[in-house]
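Novice: Attaching a single structure in structure tokens format; questions to follow.
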Amino acid sequence: MEYAYQAFVFHQRADDNGPLLALFHAPAGEVSAWADVDRLAHDNRLGPQREPKKSRINSIRRFFADDPQNTIPTAIVVGLRGVQIIGDGAVRTLRFETQQGQPHPGLIIDGQHRMRGLEAADPNTIVPIVGIIEASDLEMAFQFLVINNKSAKVPPDHLRALALNYSAEQLEARLKTARLALNPNLGSVGVLDEEPESPFRGMVAWPNNPPEQQIIVPAAIEAMASEAKSLGFGELEDLDSLNAFLIAMWTVIKEEWAHLFVANSKLLSKVGLTCMTQFVCSTIKTWARNPRLRDQVDPGDPEKVRSVTSDVLATLDPKFFEADWASTSYDTRAGRDLVMADLETLSFNVANGEPWYQGLKVIDRSWLQQALADAGGAVPPARDEV
């Protein structure tokens, strides 16, 4: 296939040093046909790009679907080789072709998620492009590192100051489509409460929701998100990916333990949300270190997150969260450690066909004795077995 585009061709430096640049645009579907993504891997140590995150691609697709006014004017950066430049002056024609079995003329240096997200929204969506003409491998690696290490987020105070000059309601509505908020404390709380796909939609205890639906305190969502973030998954470094990860995980939990998504549920308490998130995340991290299980793990892929979560739930029993607990509060570091230890024991019990309650420290002994009696007169466990 042969491709031709009108482009502004120029040197950025006034002395005409540095690489020759071309500014143009093309439909996302076409860019996908002539541009590759060269990823860093054990067998490709010169590739600059990281593995793509499905969660980020999906967030860009949703961004376009949420509001017909939403656009992403930021250009992707592409190294171009084998390019014929036709004409004189600032505006010229770029011409290049793809050949079967040969490397593509384009290599995406920055913006692989933007390009894939725009393509997922509609292959005809226009992608702004800055092309580096005849870029060397060294130049492309250099540009990738500079672009990804020199960017800085806008401080929250700057956002709030800027918002004073615009209609707060209108600006907030547009920002929501980009999963942003003027309130810096919303973070995952706002998204998980309002995202249509979220298992926690409309359940956060704040004025946005009717009193009877205010089940989950905002601090519980914040703690859960903080726990997932603290485990150090590179795939969860941005808020969109983190939220997609939490939604995928907890959607499975809600599907399988729907009866626990009610008021006063221990599962939906701050301790429950935090410890269950930590338990699933710890399992994912353990599997990632196992060569035989590594392919099943990708925190940036919602489908794999759902699959791992389902496997984890198969080793647990929801009765743990239905039972009375020995203390009224475990919302301390020591308390959460006790709950985590019991989840580990519970998982071992279920996986090995032992009674689910064996060796658990958090379960109230009186409740357990009554529950066992009601289940058929089972002999209550000895104290050292509870």
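Readers should treat all values here as calculations from the given coordinates under stated rules, not as data from a laboratory. The shown structure was predicted, so the numbers you read here are calculated from the model rather than taken from an experiment. FYI the Cβ positions are ideal-geometry reconstructions off the backbone, even for glycines, and counts take in every protein chain you see.
Novice: Taking a virtual spin label 7 Å from the Cα of T315 along the C-beta vector, which residues in the range 193-235 bring their backbone nitrogen under 18 Å of it?
Specialist: Within reach of a label on T315: no residues.
Novice: Direction-averaged shadow area of the convex hull around the Cα atoms of the range 231-386, nm²? If you can, show how the numbers build up before the last one.
Specialist: Details: hull surface 40.3 nm².
Convex hull of Cα atoms, orientation-averaged projection: 10.1 nm².
Novice: Explain nothing, just the number: dipole magnitude of the range 283-335 about its Cα centre with +1 on each Lys and Arg Cβ and -1 on each Asp and Glu Cβ, in debye rounded to the nearest 20. Spell out each step's value before the answer.
Specialist: Details: 8 positive and 9 negative charges, 67 e Å.
Magnitude of the dipole: close to 320 debye.
Novice: Hey, another quick one. If packing is taken as the mean number of other Cβ atoms within 10 Å per residue, what is the order of 102-115, 352-365, highest first?
Specialist: On the way: 102-115: 21.6, 352-365: 15.7.
Averaged packing, sorted descending, gives the order 102-115, 352-365.
Novice: Stretched out fully, how many nm does the piece from L23 to S366 gain, at 0.36 nm a residue minus the Cα gap?
Specialist: 116.2 nm
Novice: Using amide H atoms built 1.01 Å from N in the peptide plane, name the residues 5+ places from W325, or on other chains, whose amide H lies under 5 Å from its own.
Specialist: Under 5 Å from the amide H of W325 lie the amide H atoms of D364, each far enough along the sequence or on another chain.
Novice: Taking 25 Å as the cut-off for C-alpha to C-alpha distance, list the pairs among K53/K270; K54/K266; K270/K319; K53/K266; K54/K254 that go past it. Display every interim value, and only then the final one.
Specialist: On the way: K53/K270 28 Å; K54/K266 32 Å; K270/K319 18 Å; K53/K266 32 Å; K54/K254 22 Å.
From the list (K53/K270; K54/K266; K270/K319; K53/K266; K54/K254), the Cα-Cα distance tops 25 Å for K53/K270; K54/K266; K53/K266.
Novice: Run the dipole for the range 237-313 about the Cα centre, Lys and Arg Cβ at +1, Asp and Glu Cβ at -1, nothing else charged, and hand back the magnitude in debye, nearest 20. Write down the numbers at each step before the final one.
Specialist: Values: 9 positive and 10 negative charges, 80 e Å.
Once rounded to the nearest 20, the dipole reads 380 debye.
Novice: Set the Förster distance to 35 Å, then compute FRET efficiency between M1 and A65 from the Cβ-Cβ distance, nearest 0.05.
Specialist: Working: r = 29 Å, r/R0 = 0.83.
That gives a FRET efficiency of 0.75.
Novice: To continue, here is another question. Rounded, prolate or oblate, given the Cα gyration tensor of the range 185-236, with a/c below 1.5 counting as rounded? Before the final figure, lay out each step's value.
Specialist: On the way: a/c = 2.80, a/b = 2.00, b/c = 1.40.
Prolate shape, in that a/c is at least 1.5 and a/b is the bigger ratio.
Novice: Something else now. What order do you get for 223-235, 265-277, 291-303 when each peptide is scored by the mean count of other beta carbon atoms within 10 Å, highest first? If you can, show how the numbers build up before the last one.
Specialist: Values: 223-235: 17.8, 265-277: 22.2, 291-303: 15.6.
Ranking the peptides 223-235, 265-277, 291-303 by packing returns 265-277, 223-235, 291-303.
Novice: Another question, if that's okay. Around V127, which amide H atoms from residues at least 5 apart in sequence, or from another chain, sit under 5 Å from its own amide H, with H modelled in the peptide plane?
Specialist: A26, A28
Novice: In addition: Given the range 253-296, what whole percent of its Cα pairs are spread farther than 15 Å? Before the final figure, lay out the partial values.
Specialist: Details: 512 of 946 pairs.
Every Cα pair in the range 253-296 considered, those over 15 Å come to 54 percent.
Novice: Related question: Can you list the residues, at least 5 places off or on another chain, whose amide H is less than 5 Å from the amide H of W206, using H built in the peptide plane?
Specialist: Result for W206 returns nothing.
Novice: Let me ask something else about it. Could you give the nm distance between label points at K254 and E237, where each point is 7 Å from its Cα heading toward the beta carbon?
Specialist: Modelled inter-label distance: 3.0 nm.
Novice: Assuming R0 = 51 Å, can you tell me the calculated FRET efficiency for the pair D337 and T98, based on Cβ-Cβ distance, to the nearest 0.05? Don't skip to the end; give the middle numbers.
Specialist: Values: r = 57 Å, r/R0 = 1.12.
With R0 = 51 Å, the Cβ-Cβ based efficiency is 0.35.
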